Amino acid sequence: MSATESQRELRFVVMGAGMAGILAAIKLREAGHGEVAVYEKADRIGGTWRENTYPGLTCDVPSHSYTYSFEPNPDWSRYLPPGAEIQDYFERTTRKYGIDKLIRFNEEIISCEYRNGRWQIETKSGLRDEADVVIAATGVLHVPRYPDIDGIEDFEGAIFHTSRWDHSVPLDDRRIGVIGTGSTGVQIVSALSKRVKKLVHFQRTPQWIMPVENPEFSEEQKAAFRNDPELLKYMQNEPEYLANVERFTNAIVEPESPAMEEIETIVRDYLENSIRDPELREKLRPSYRAACKRLIYSPDFYEAVQRPSVEVELGAIERIEAKGVRLKDGTLHELDVIALATGFKADQFMRPMNVVGRNGVELNEVWADTPRAYLSISIPEFPNLFMLNGPNGPVGNFSLIDIAEHQWHYIEQLIAKLESGECAEVCATQSALDAFDKARLEAAKKTIFGSGCQSWYLDANGVPATWPWTQKKFYEAMAEPDFSAFELVSLEEENAGA
Ligand code: N01
């Protein structure tokens with residue numbers, strides 16, 4: 001809906017110029033909203049794809065599915081997109097839709113307070129702004145989690161978190177340690193195994209690996225995508241991939257299903273058939289169920305760990321010292337570089353920003369136990385603030401762009417209520433959030449994510465914080481808001497309360 005004269009002119013602030021923030025800005029402009037400002041803490045767009053530049057960075061969702069539905073890209077080089085190409089795609093898209101002009105770079109929002117019916121924004125540099133509506137698109141995995149290992153500061157070589165990769169540090173023919181076996185650690189080990197003199201992969205917990213092929217697209221294929229919009233659309237919605245995602249998301253919800261059994265068989269067979277040395281095979285065999293942690297898709301990790309340059313170390317780390325990593329059994333692995341592939345604090349979202357809602361309610365207090373949001377989008381007492389990829393949303397081995405687009409479709413319908421003047425404030429009611437959360441927690445415990453492993457999917461209480469139902473149920477939930485779950489405050493009521 002475009003803003004006509006009879007409608008209220010709203011001012012929007014979008015937090016973050018990553019995938020979701022760019023999406024929001026494009027959609028707001030497309031809907032005719034003239035007052036849109038995007039605040040970005042860094043000097044470039046891109047979010048996770050700007051911050052992560054480690055060797056081997058690849059998205060494990062097929063390239064053509066990892067695009068905005070309205071902006072297909074015929075030029076992906078491979079089946080799985082390299083990180084740098086994704087960054088480039090977002091930069092091009094941002095320019096094409098004129099969103100770059102709306103972004104205030106190097107402006108980290110430190111405070112966002114709801115006062116007198118508007119959000120008051122303040123950035124680290126002291127800049128102030130106001131908005132009727134705030135879209136929080138700050139991402140999930142953006143605060144690095146440094147390991148609690150003694151002696152990190154004593155190391156004489158180079159040491160950095162993988163999302164802060166120091167490209168000035170040479171890697172070829174050197175001795176590298178990689179701590180961590182998530183998607184990041186696995187991709188780095190695969191990429192570096194051929195280049196280094198020695199690579200020690202410190203695996204506190206081994207991972208199940210799902211095989212995947214990653215062929216290049218030929219020039220002929222790319223030309224065909226360019227010349228045939230229907231073919232390109234087909235690639236974005238490739239039926240086989242979509243069916244796999246649906247099977248996979250159904251299996252997550254039903255750990256005893258044949259679909260989950262099939263996943264378990266594939267990863268077990270892959271381990272059995274790929275690792276030749278029985279001792280190494282047992283080292284790499286996880287003791288928990290497949291897909292309990294986020295499944296790792298890799299075309300070459302098992303090949304990489306069998307290279308003579310690579311050593312898989314399961315021994316517990318005692319400390320890091322000047323020359324390298326000391327294990328509890330006394331072994332010292334001497335190293336030149338240590339990459340901390342130890343993941344992210346996944347429960348931060350907008351924080352450490354100080355977000356204060358209606359009546360002085362502080363987000364830090366509301367989320368003191370664990371972050372919660374109605375349908376992952378709205379928080380009671382935080383009117384006209386909507387989240388993309390907020391807490392309790394779907395995360396897994398599928399495109400978060402698709403998730404954000406569905407969430408946007410829902411948010412648009414809330415914005416329409418504000419724009420039409422039907423109400424001045426909209427946010428979920430406490431009872432709607434409580435009922436949603438009760439059902440969510442019950443379902444979450446039964447998912448494969450809750451089957452007994454440690455992962456970033458779990459909240460502070462050890463319960464999966466993710467969307468615990470099928471993908472179909474998510475799409476249904478995002479189709480249309482149930483307005484009885486929302487408190488809609490009229491302009492008169494708002495003025496009376498102010
Ligand atoms: O982080 P992780 P990540 N001592 O949290 C270990 C996305 N992503 O950066 O399992 C020793 O998965 C920890 O061990 P344990 C994707 O959503 C996507 O790899 O807790 N080890 C674990 O092995 C992914 O899930 C792509 O025992 C320590 C590792 O560090 C998410 O980002 C690519 C330790 C952390 O794994 C996060 O992945 C890359 C310690 N003190 C990332 N502390 C795509 O392809 C932690 N660990 C789309």
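The values are calculated or read from the model by the stated rules, or taken from the named source; none is laboratory data. Source: prediction; values computed, not measured. Positions of Cβ are generated from backbone atoms using ideal geometry, with glycine treated the same way; all protein chains shown enter the neighbour counts. Accessible surface is based on the protein model in full, side chains and every heavy atom, while ligands, DNA and RNA are left aside. Shrake-Rupley method; radii C 1.70, N 1.55, O 1.52, S 1.80 Å.
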- Message: Counting heavy atoms of the protein chains only and a 1.4 Å probe, report the per residue accessible area for segment 392-498 as a whole number of Å².
- Response: 42 Å²
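For segment 21-159, just say rounded, prolate or oblate: build the C-alpha gyration tensor, square-root its eigenvalues into a ≥ b ≥ c, call rounded for a/c under 1.5, and beyond that prolate if a/b exceeds b/c, oblate if not.
Details: a/c = 2.50, a/b = 1.14, b/c = 2.19.
It is oblate, given that a/c is not under 1.5 and a/b is not larger than b/c.
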- Item | Cβ-placed point charges (K, R +1; D, E -1), dipole of the chain about Cα centre in debye, nearest 20 | 1000 debye
- Note on the structure: Measuring from its Cα centre, segment 251-339 shows a charge dipole (+1 at each Lys and Arg Cβ, -1 at each Asp and Glu Cβ) which, in debye to the nearest 20, is 300 debye
- Message: As I understand it, the dipole of the chain uses +1 on the Cβ of Lys and Arg and -1 on the Cβ of Asp and Glu, about the Cα centre. Which of PRO394, TRP208, TYR374 lies farthest toward its positive end?
- Response: TRP208
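I'd like to compare 285-295, 14-24, 485-495, 138-148: which one has the highest average count of other Cβ atoms within 10 Å, and what's the full order after that?
Peptide ranking by packing, descending: 14-24, 285-295, 138-148, 485-495.
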- Rounded to the nearest Å, the spacing of the alpha-carbon centers of segment 265-290 and segment 74-143 is 41 Å
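In debye, nearest 20, what is the charge dipole magnitude of segment 152-340 about its Cα centre with +1 on Lys and Arg Cβ and -1 on Asp and Glu Cβ, if you could check?
580 debye
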- Can you find, among ALA290, ILE266, SER168, the residue farthest towards the positive end of the dipole of the chain? Put +1 on the C-beta of Lys and Arg, -1 on that of Asp and Glu. SER168
- Query: Angle between the Cα long axis of helix 258-274 and the longest principal axis of the chain, 0 to 90 degrees, nearest 10?
  - Reply: 30 degrees
- Placing +1 on each Lys and Arg Cβ and -1 on each Asp and Glu Cβ in segment 152-340, then taking the dipole about the Cα centre, the residue among THR249, ALA316, TYR234 whose Cα reaches farthest towards the positive end is ALA316
- Ranked packing of 383-393, 367-377, 208-218, most packed first, by mean Cβ within 10 Å: 383-393, 367-377, 208-218
- Near LYS293, which lysines are there with a Cα under 29 Å away, not counting those fewer than 8 places off in the same chain? LYS194, LYS198, LYS283, LYS328, LYS345, LYS438, LYS445, LYS446, LYS472, LYS473
- Message: With a 1.4 Å probe and all protein chains left in place, how much accessible area per residue does segment 152-340 have, in Å²?
- Response: 49 Å²
- Message: Please report the carbon-and-sulfur percent of the accessible area for the chain; probe 1.4 Å, protein heavy atoms only, DNA, RNA and ligands left out.
- Response: 48 percent
